[in-house]
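Bear in mind these aren't lab numbers, they're just calculated from the coordinates by the rules spelled out. A quick note: this is a predicted structure, and the numbers were derived from the prediction, not measured. Glycine gets a Cβ as well: all are built from the backbone with ideal geometry, and neighbour counts include every protein chain shown.
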């Protein structure tokens, strides 16, 4: 058989035709945007699980090679204020590593504000008459952490008020009354009481009352036993413009080791569903370090952790989810995120065979995509460069895998001279774009107050070299060359 004068074996054209025929297509629409991403993280709970070590904190919150890139930390509000100091070391380290979202959750109010119930559904119950004192208690925790150098983004009203066999029960009406009359007294952003299974009755009354809703900044929930069909929340979409939804606690399984494959791939599927179906701004795992968690007890990253990192290392705070064909075929899931010109596409293949995928994207400056893969045999492996031409890139997804595609942008037209300026100049705190000597976009780095760009960059790029660090708006003084 001949085509264009070239002779092919008779089966070769058939294979090429079949491959093209069976490739699935996902379309990314950069003009249709959804939620802004705060990030991905987990809880540190020294009272129950022991504190993270200094090395484990770097593994969790750093974003270099062999690190998880978490940008969200949840901490425990102990009802005994003499133990608040336990939350400080990891929170402070996370903040110094660039974590932008640290929030706190109480399981119980102080003993004077609760009643001993002692039932299977409620160890304690909240005293409504103590609401003012409780708001003051939460404010004292916020102030304590601030005095220790930790700025909390938000604090929650209550952990799992509807699954309180080991802590304090609140009724739906109590949660509503506190939101209506006391949440505005709290000195930081307020997260609603966090239902254990996204029980909408704990949020509906607040959403339907403009005054109560004005006092709540974030709807927080857990997903234990929650079906994906219950992730969407139409009333929130209708009533809560300007508010955020956070998934504040979940794990996919606690009985199995985190390296069991393909069970670990469930993490990638859940993250996809939380971002696309739930439209959550933040995703928070339960314990950061546990045998079933992103980090194993010995401090190494698990297969679940690598699946987690396929999102957390690349979809950084400030990225916005854009429209993408969510499921172009059975067992295939696609989501996409942008920040300025940067673009990240994540594809999950739960099928037991490899799958071909075409991704169509209009109006992007990308010249190619760098691919990263986690599968049974790969753990966040840099899986080559994928060419991008005519508004489409084509790839093959490994069987039972998650792949992240990071846009390679055109070289910065400012010249990357070998005599690059050593950057000791102070820069404003914030997120900065990072490029290597070739102009390849490496992602974003967060520069904290008092840090030099070099200090921040060393956590992201362990290799020596010349890098360009610039603010998204490319204001002259904020585009500098850094020598490491």
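Paramagnetic label reach from residue 53 (point 7 Å along Cα→Cβ; backbone nitrogen cut-off under 12 Å): within region 291-331, residues 297-300. Taking 13 Å as the cut-off, no amide N atom of region 93-136 comes nearer than this to a point 7 Å along the Cα-to-beta-carbon line of residue 197. Taking 0.36 nm per residue of separation and subtracting the Cα-Cα distance, full extension of the segment from residue 458 to residue 376 would add 26.5 nm.
With a ≥ b ≥ c taken as the square roots of the eigenvalues of the C-alpha gyration tensor of the chain, please select rounded if a/c is under 1.5 and otherwise prolate if a/b is larger than b/c or oblate if it is not?
Details: a/c = 2.00, a/b = 1.49, b/c = 1.34.
Taking the square roots of the gyration eigenvalues as a ≥ b ≥ c, the chain is prolate.
Arranged from fewest to most other beta-carbon atoms within 10 Å of their beta carbon, 99, 322 become 322, 99. Extension gain, residue 300-residue 166: 0.36 nm per intervening residue step, less the Cα-Cα distance, totals 45.2 nm.
Take the Cβ-Cβ distance between residue 291 and residue 96 as r, set R0 to 25 Å, and report the resulting FRET efficiency rounded to the nearest 0.05. According to the calculation, E is roughly 0.35. Relative to the longest principal axis of the Cα atoms of the chain, helix 266-276 runs at roughly 80 degrees.
Give the order of 250, 222 when sorted by the count of other beta carbons within 10 angstrom, beginning with the fewest. Write out the running numbers ahead of the final one.
Working: 250 19, 222 23.
With the fewest neighbours first, 250, 222 line up as 250, 222.
For the chain, the longest principal axis of the C-alpha atoms and the axis of helix 10-22 are separated by about 30°. Packing here is the average count of other Cβ atoms within 10 Å per residue, and on that basis the peptides 188-196, 163-171, highest first, run 188-196, 163-171.
One decimal place: the segment residue 204-residue 83 gains 40.1 nm when fully extended, by the rule 0.36 nm per residue minus the C-alpha distance.
The modelled label-to-label distance between residue 261 and residue 237, using points 7 Å beyond Cα along the C-beta direction, is 3.6 nm.
Distance between the pseudo-spin-label points of residue 224 and residue 211 (7 Å out from Cα toward the beta carbon): 3.4 nm.
Based only on other Cβ atoms within 10 Å, what is the fewest-to-most ordering of 304, 74? Write down the numbers at each step before the final one.
On the way: 304 31, 74 27.
Arranged by neighbour count, lowest to highest, 304, 74 become 74, 304.
Rounded to the nearest 500 deg cm²/dmol, what is the calculated helix-only ellipticity per residue at 222 nm for the chain, with -39500 (n - 2.57) per DSSP H run of length n ≥ 4?
Numbers: 12 runs with 103 residues, N = 484.
Helix contribution divided over all residues of the chain: -6000 deg cm²/dmol.
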